[in-house]
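Nothing in this text is a laboratory measurement; each read-out follows from the coordinates by a stated rule. Every value quoted in this text rests on a predicted model; they were computed, and no experiment measured them. Backbone-built Cβ (ideal geometry, glycine too); neighbour counts: all protein chains shown.
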Amino acid sequence: MRRALPLLLPLAGCDTVQSMTGGDGRQGALFNDLFVIFAIVTLVMLALVLTGLIASIFRRHPAKSSVPGENDEARDAPFRPLLIGWVALIATGLLFLTTATYLTDRAMQARAPANRLLEIEITANQWWWDIRYKSSKPWQTIRTANEIHLPVGIPARITLKSNDVIHSFWVPNLAGKQDLIPGRRTDTVLEPKRIGVYRSQCAEFCGAQHAHMALDVTVESWADFNAWRVRQLTPAPAPATPLALAGYNYVTTRECASCHAIAGTPASAQVAPDLTHLASRRSIAAGTFPMTRGHLYAWIADPQGAKPGNNMPVVGLEPNELHSVIAYLETLK
Amino acid sequence: MSVMSGKELPRDGRDLEGTELHERLEKTWGTPPGLWAWISTVDHKRISKRYIVTALIFMLLGGILSLVMRVQLATPESGLITPDRYNQLFTMHGTTMMFLFAVPVMEAMAVFLVPLMIGTRAISFPRLNAFSYWIYLAGGVLLWVAFILNIGPDAGWFAYVPLSGPEYSPGKRTDIWAQMVTFTEVAALAVSVELVATILKQRAPGMTLSRMPLFVWVSLVTSFMVIFSMPSVALTSGFLLSDRLVGTQFFNPYEHGDALLWQHLFWFFGHPEVYIIFLPGVGFVSHIVETFCRRSVLFYPAMVLAVVSIGLLAFGLWVHHMFATGLPRLGYAFYTAASMAVAIPSGVQVFCWIATMWDGRPRFDTPLLYVVGFIFTFVIGGLTGVMLASVPLDLQLHDTYFVVAHFHYVLIGGAVFPLLGAFTYWFPKFTGRMMSERMGKWTFWTLFLGFQLAFAPMHWSGILGMPRRVYTYPAGLGLEQTNMLSTVGAFAFAAGLFMFLENAAVSLRRRANAGSNPWDASGLEWAVSSPPASYNFAHIPVVSSRTPLWDNRDHLPVMTGLRVDDRELLITTVMEAKPDLREPSPVPTAWPLIAAIATTAMFIASIFTPWAVVVGAVPTAAALIAWFWPKGPETPEPVIQ
Amino acid sequence: MIPPPKFVGDLTDLPTHAFGHRSLTWWGVVAFFMIEGAAFAMAFAAYFFLITGEQSWPPAPYRPPDLLAGTLFTLIMLASEIPNTRLKRAAEKKDLRSVRIGLLIMTAVCIPLFVLRGFEFASLNVWWTDNAYGSIMWALLFLHLTHFATDFVDTVVLACLVNTRHAAEDRRMVDVAENAMYWRFVWLLWLPIYFMLYWIPRL
């Protein structure tokens, strides 16, 4: 059934990294099935209406007396059973769709049996995602930004909070969305079924750069996920080259450290994305740019030109400072 | 002072007829040329035309904004519009279309047509009608001047907190938005009060509730919906203004406030609002179907019941805008069921219209073409609405371009197409001229096909993961093709709108010789000249069926006895429409304009200081008192001993 | 072509004014009730919605408002219905002298009410800026104040009008009767607000 959805869409290239048609998560697949059911029922209703409409347009209407409005109410009578049948049909259709909805909803709420459960906490900020992987052992808590890695087949329960305005967390390939509302905690569950890379995007208008608040989702095998987790727990390596050392000195003592944290260095501010493993991410600035050297230069040199209105100020680095900072950041894998 | 008996004063009747009656009535009721008369008129027909022209200007302005947005979105990562400007664009587009075009134009059509359809000479509270237009105009001008000065609102037409609150929307932008809401809501409430009183108390003798034209029923239901829903948005925009200006904490979660309070209060208004826009369209469709199929719409009682149940149901659906906010799932189930249930009365109406076309003798002139376009488009929109009503589906589709497609299908299909059909149909009644039928057909097809091209691809854009309210999108997600199609379609649709306006403009220059009933329709509005005289009816008609002009082809039964030298109309009883009182109707006056100026000054100043409410109340109260202060009686009335 | 008229009835002897639901402006006033009632209903809904987010109401450490000013206000408002009903009946009987006296009484009764309303604001024991509880309490009291102040101004204007040449018009008596009806709405709406401001925080 899940495969039927792409067949309904005549456009090519529909199965992309940010699309509902993927059905790559358990809830996402249930959505696709339900969508197909709804699409069929609603298309049947549409066909009935259009058939009636076209038939009454092209009917050869019998010539009647030229007096309009004559005997109208008597002429209504034969249509009465048809109207009742139509209402009954609509009501039955709605009942069917409501039942399908209820069953799907119940299936989505029920968690697939698994002996492991991931606990992730996402805090939304104006225009970036603060991610924490919780653990019963505090020294195994991972903090990252604008990306999540998920092991395939393992449910991840995600607690959602916001530090400022209302945002919405949405990975279309995997599941429906859930708002992050300041002052409230909401949560959602992702159960990825297929290995792959996906893109998530904020789905509640949150201000100037709402359009550039994406999140990279990587679904991988349990082994790969654990390897990633181990890497994430490793603090940043010491700089190996003089250029990187100059960059390290800049980042940990100048403006950057007032907002950003890098594990294993004195920089430990919490109000901006964690940079410890910046260079291992697929994108910069919450999906605004792909992670390449050129884009990294552009971002650090002028964050406001790249993403106007965002909360990272233009620092005005000298060229040698810029080179050293980039050199250091590129070591943060 | 001696008491003069009613019989000695000049009244219409057998003794006073024809041209002499017309001249005397015109002298009493007419609006002479000149600026003063234009400012002080209380004629519902003139005021409604003002409303319509103003609303169409706002529609064009809002439409131009949408074309700019479409150019921006035609290509990925387009640098044409900055994010700040884009956020103003989509906020202004939605706000203009919802508050400054859709509701006012529908109310204006009712203000013109309802008194004529029920056989009365004026609307119930003519000065309030005049006041409401000035207030509406002030609100619209406030918003657009702010936009042109680059301080237009930018938090969306729905202005969710905390984004629209004092911390995240500094400056006056959102205050201007919130106060514009106050202006337009006062105007809409005023018109609704007038319509309720007019419909319940001024119907022609014999026009019982079960003989009221369907558009009059729709206007009654819609007016009640406005009365019960608009105060919610007035209150909540007031709360927002006070959070921003005087430091209340309604929406501040860190001081025991709640961001969701805004959403509940706003959508309690917001959902009925879209039905307030849609139902008048339904009324237009019923009238057009009747006239062009040469028979009344099937099952009048079912049609009335459908309209009433839509009006009631509309108040029980608002949480379907909040399915992603994490409220209890069991509560959501109720809103899913209610949201789907509204398909039943809508389905009844679609059945009755199509059955009328089947059983009647349809003539597919332009107005009926718009009805066909409406059925096709609105039903599609309604069906995507059924999808969105389902919580699991909505959690994927919410806040994507799928929803943008849905609501444009139901609003343009369900309200704008019928409105354009209604403009074409009643154009002779408003202006005395017919619109060009040939041009009308070309216009319809351009609009219809352009609309489908613009909005159908948006369903796919949403499914492919494009969220709403984004000023751009990345390449490589498959969104380029759908967005380009939408942009092309938007321009085609805009071309259609220009064709419509050009048709209207050209037709206005022809001779006014349409005749009183060019379509051979059945309603009382077609029993007066085109355009109607200032006094509407020379004699108050009497009805005994739902289709008075079809059942009284040889002569029209009328009652006589209303004054000719003074403005007077007939009050009848609510249920049976039996003649009850002769009610004096107000003469032209500038006080509504003066009161509107005082109110406007108070509302605008209160954006800058709360003391404006206290200080501004004084001139506003003074103007209102002067407005209601009785003038001396022009003709003798009995004296109390 | 407009079909020619056929005369089937005469309206000449119909009166030009009536009381109650036969009057056009009565419907305007009732429509106003519905609008203001809807606004207050939403304010009540907001009040109860905010309670659901709290552990206690008022939230600690705020005290509920003091009872004295509000209770006195309520008692005087309820008592004012007696002269109000007399006034309405006098208007319907077109007894101009009683109407003049009645309007003066209703105007006078508002003075202590305004004073007490001032004391009520002072006894709320919370500022509107403190938290959402304070905001909604002030909002309810302020909205009712504007409501009652508007009717006060109407009453004063009518009290003036019945002492001018316009007193002779039948229309005046209808206005007075409808204003008396509006006063009923003012105190009826006050009762749930009184309960919400003074008693629910004590439960």
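Shielding of B:473-481 by partners, i.e. mean partner chain Cβ atoms within 10 Å per residue?
Mean number of neighbouring Cβ atoms from other chains: 5.
For the ranges A:219-227, B:311-319, what's the packing order if you count other beta-carbon atoms within 10 Å of each residue, average per peptide, and put the highest first?
Ranking, from highest mean packing down: B:311-319, A:219-227.
Please work out the FRET efficiency for the pair B:Phe628 and B:Arg361, using the Cβ-Cβ distance as r and a Förster radius of 41 Å; give the result to the nearest 0.05.
0.20
Compute the distance in nm between two label points, each set 7 Å from the Cα along the Cα-to-Cβ direction, one at A:Arg80 and one at A:Ala279.
It works out to 8.3 nm between the two label points.
Going through the cross-link list B:Lys201/B:Lys631; B:Lys49/B:Lys201; B:Lys27/C:Lys6; B:Lys201/C:Lys88; B:Lys578/B:Lys631; B:Lys27/C:Lys93, which pairs have a Cα-Cα distance over 27 Å in this structure? Walk me through the numbers on the way to the answer.
Numbers: B:Lys201/B:Lys631 24 Å; B:Lys49/B:Lys201 24 Å; B:Lys27/C:Lys6 24 Å; B:Lys201/C:Lys88 23 Å; B:Lys578/B:Lys631 30 Å; B:Lys27/C:Lys93 37 Å.
Violating the 27 Å limit, Cα to Cα: B:Lys578/B:Lys631; B:Lys27/C:Lys93.
At 10 °C and 1.306 mPa s, what whole-number value in µm²/s does Stokes-Einstein give for the translational diffusion of region C:68-202, with Rh from the Kirkwood sum over Cα pairs? It would help to have the intermediate numbers written out before the result.
Details: Rh = 15.7 Å.
Here the translational diffusion coefficient equals 101 µm²/s.
For the Cα atoms of chain C, what angle does the longest principal axis make with the long axis of helix C:170-194, in degrees from 0 to 90, nearest 10?
Helix C:170-194 sits at roughly 20 degrees to that axis.
Kirkwood hydrodynamic radius, region A:19-89, all distinct C-alpha pairs: what's the number in Å?
Result for region A:19-89 stands at 16.2 Å.
Which FRET efficiency value, to the nearest 0.05, do you get for A:Val271 and A:Ser136 by plugging their Cβ-Cβ distance into 1/(1 + (r/R0)^6) with R0 = 22 Å?
0.25
By the scheme Lys and Arg +1, Asp and Glu -1, what is the net charge of all other residues having a beta-carbon under 14 Å from that of B:Pro367?
On the way: positive: B:Arg294, B:Arg363, B:Lys429, B:Lys441; negative: B:Glu290, B:Asp365, B:Glu437, B:Asp520.
Summing Lys/Arg as +1 and Asp/Glu as -1 gives 0.
Relative to the first principal axis of the alpha-carbon coordinates of chain A, what is the inclination of helix A:80-109, with its axis defined by its Cα atoms, in degrees from 0 to 90 and to the nearest 10?
20 degrees
How far, in nm, would the chain grow between B:Ala512 and B:Thr75 when pulled straight, counting 0.36 nm per residue and subtracting the alpha carbon separation?
Gain on extension, B:Ala512 to B:Thr75, equals 152.5 nm.
Can you give me the Rg/Rh ratio for the protein assembly as shown, using Cα atoms for both radii and the Kirkwood formula for Rh?
My calculation of the ratio gives 1.00.
If you fit an axis through the alpha-carbon atoms of helix B:18-29 and take the longest principal axis of the Cα set of chain B, what angle between them do you get, 0 to 90°, nearest 10?
50 degrees
Give me the orientation-averaged projected area of the Cα convex hull of region B:45-113, in nm², one decimal.
Approximately 4.6 nm², given one-decimal rounding.
Would you calculate the convex hull of the Cα atoms in region A:118-229 and tell me its volume per residue in Å³?
90 Å³
What's the center-to-center distance, using Cα atoms, between region B:435-510 and region B:15-69 in Å?
Taking the Cα centre of region B:15-69 as reference, the centre of region B:435-510 is 31 Å away.
Stick to Cα atoms and the Kirkwood definition of Rh, then tell me Rg/Rh for chain A.
Answer for chain A: 1.17.
Over all residues in B:556-566, what is the mean tally of Cβ atoms on other chains that come within 10 Å of each residue's Cβ?
Shielding by partners across B:556-566 averages 4.
Treat the count of other C-beta atoms within 10 Å as a stand-in for reagent exposure and order A:Glu318, B:Glu502 from fewest to most.
A:Glu318, B:Glu502
Starting from the Cα of A:Ala91, step 7 Å along the direction of its Cβ; do the same at B:Arg438; then give the gap between the two resulting points in nm.
5.2 nm
Just counting partner chain Cβ atoms within 10 Å, what average do the residues of peptide A:177-188 show around their Cβ?
Partner-chain Cβ atoms within 10 Å, mean over residues of A:177-188: 6.
Is the shape of region B:42-508 best called rounded, prolate or oblate, per the rule: a/c under 1.5 gives rounded, else a/b larger than b/c gives prolate, else oblate, with a ≥ b ≥ c the square roots of the Cα gyration tensor eigenvalues?
Taking the square roots of the gyration eigenvalues as a ≥ b ≥ c, region B:42-508 is rounded.
Using the Kirkwood radius over Cα pairs, work out the Stokes-Einstein diffusion coefficient for region B:269-379 at 4 °C and 1.567 mPa s, in µm²/s as a whole number.
Value of D from the Cα-based Kirkwood radius: 85 µm²/s.
Can you give me the distance in nm between label points at B:Lys578 and A:Phe58, each placed 7 Å from the Cα along the Cα-to-Cβ direction?
Calculated label separation equals 5.5 nm.
Hey, which lysines would be in cross-link range of A:Lys161, C-alpha to C-alpha under 21 Å, not counting anything within fewer than 8 residues on its own chain?
List returned: A:Lys134, A:Lys177.
Rounded if a/c is under 1.5, else prolate if a/b beats b/c, else oblate: with a ≥ b ≥ c from the C-alpha gyration tensor eigenvalues square-rooted, which is region A:198-333?
Values: a/c = 1.77, a/b = 1.08, b/c = 1.64.
Verdict is oblate for region A:198-333.
Quickly estimate the mean residue ellipticity at 222 nm for the protein assembly as shown, helices only: each DSSP H run with n ≥ 4 gives -39500 (n - 2.57), and the total goes over all residues, rounded to 500. Write down the numbers at each step before the final one.
Details: 36 runs with 648 residues, N = 1177.
Taking each H run of at least 4 residues, the total per residue is -18500 deg cm²/dmol.
Suppose R0 equals 35 Å. What FRET efficiency, 1/(1 + (r/R0)^6) with r the Cβ-Cβ distance, do B:Phe334 and A:Leu50 give to the nearest 0.05?
0.65
Hey, fewest Cβ within 10 Å first, where do B:Arg295, C:Arg97 land in order?
In order of increasing Cβ crowding within 10 Å: C:Arg97, B:Arg295.
Would you mind ranking B:Thr384, B:Thr336, B:Thr31 by Cβ crowding within 10 Å, fewest neighbours first?
B:Thr31, B:Thr384, B:Thr336
Using only the Cα atoms of region C:1-156, what do you get for the radius of gyration and for Dmax, in Å?
When restricted to Cα atoms, region C:1-156 yields Rg and Dmax of 22.6, 79 Å.
Share of Cα-Cα pairs in region B:516-641 beyond 21 Å, in percent?
Of all Cα-Cα pairs in region B:516-641, 63 percent lie more than 21 Å apart.
Cut-off 15 Å, label point 7 angstrom out along Cα-to-Cβ of B:Leu449: give me the residues of region B:474-504 whose amide nitrogen falls inside.
From region B:474-504, the list is B:488-497.
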